[in-house]
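Read the structure below first, then the notes.
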Amino acid sequence: MSESQPEAESKPASEKRHKASAVEQRPQTPAQAWAALQAGNDRFVSGHPAHPNQSVEYRGELVGGQAPFATFFGCADSRVAAEVIFDQGLGDLFVVRTAGHVLGATALGSLEFGAVVLNIPLIVVLGHDSCGAVKAAMSAHETGTMPPGFMRELVERVTPSVMAAYRAGSSRPDEVEAEHVRHTVKLISERSQLLAQRIASGHVGIVGLTYALAEGRARKVASIGDVE
Ligand SMILES: [Zn+2]
């Protein structure tokens with residue numbers, strides 16, 4: 001990880017100007033960041049992605065620092081790659097992933113780093129259909145059999161979402177997946193005091209999305225803060 005730091009005195013003025021403008025031009029508010037992501041997802045869904053910020057030149061320009069505009073906390077599923085789905089490039093997204101987007105202390109620390117050190121205005125929780133972690137938790141809940149090793153940890157952290165969905169009369173996998181996204185959004189805002197402060201002051205928003213594998217569309221199922 002590299003922090004955005006003040007430019008060193010020795011750098012040429014043109015480089016300083018470029019970096020300053022890149023930071024100024026990126027989405028500044030939670031609502032602007034969410035709008036930029038929706039536009040990128042539209043391009044991806046329509047089959048006309050722009051593949052921005054992936055040139056050799058741009059790669060070089062980023063060496064001095066990063067200024068991503070959205071933090072992602074998503075499932076590790078290989079089909080749910082944030083930069084591809086939202087048509088973004090290098091330096092655009094700060095991405096944290098675990099299977100089933102299960103939240104732990106180190107993931108929370110990464111989200112805090114994005115908000116506090118990199119000043120990123122939006123956190124996106126990204127779940128999806130056909131999620132193996134959700135399936136495993138539903139299966140464990142129904143059969144009482146836990147998976148071996150540390151995979152048990154994943155199932156234990158998805159189970160509260162399974163139980164909440166079942167209590168609400170929702171037992172379809174897509175309903176449980178949406179509930180797990182809502183649960184994760186709530187958990188982030190409740191467990192991190194640093195993030196709660198930034199949300200309260202309007203500097204940070206959270207959106208929870210479920211991604212449809214076949215269609216390519218990410219839909220909002222939860223939000224906190226001024227994201228619209
Ligand atoms: Zn998944």
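Values in this text are rule-based calculations from the coordinates and carry no lab data. Please read these numbers as outputs of a predicted model, since none were measured by experiment. Glycine also receives a Cβ, built like all others from the backbone with ideal geometry; neighbour counts cover every protein chain displayed.
Helix 132-143 and the longest principal axis of the C-alpha atoms of the chain enclose an angle of approximately 20°. Placing unit charges on each Cβ (+1 for Lys and Arg, -1 for Asp and Glu) gives the chain a dipole about its Cα centre, and among 131, 28, 65 the Cα reaching farthest toward its positive end belongs to 131. Think of the chain as having a plus end and a minus end, set by charges on the Cβ of Lys, Arg, Asp and Glu; of 38, 209, 122, 209 sits farthest toward the positive end of this dipole. Axis of helix 30-46 versus longest Cα principal axis of the chain: the two differ by about 80°, to the nearest ten degrees. Cα axis of helix 151-167 to longest principal axis of the chain: angle in degrees, 0 to 90, nearest 10? Tilt of helix 151-167: around 70 degrees. The Cα center of region 153-176 and the Cα center of region 197-218 differ in position by 20 Å. Each DSSP beta bridge with both residues in the chain is either parallel or antiparallel, and the antiparallel ones are about 25%.
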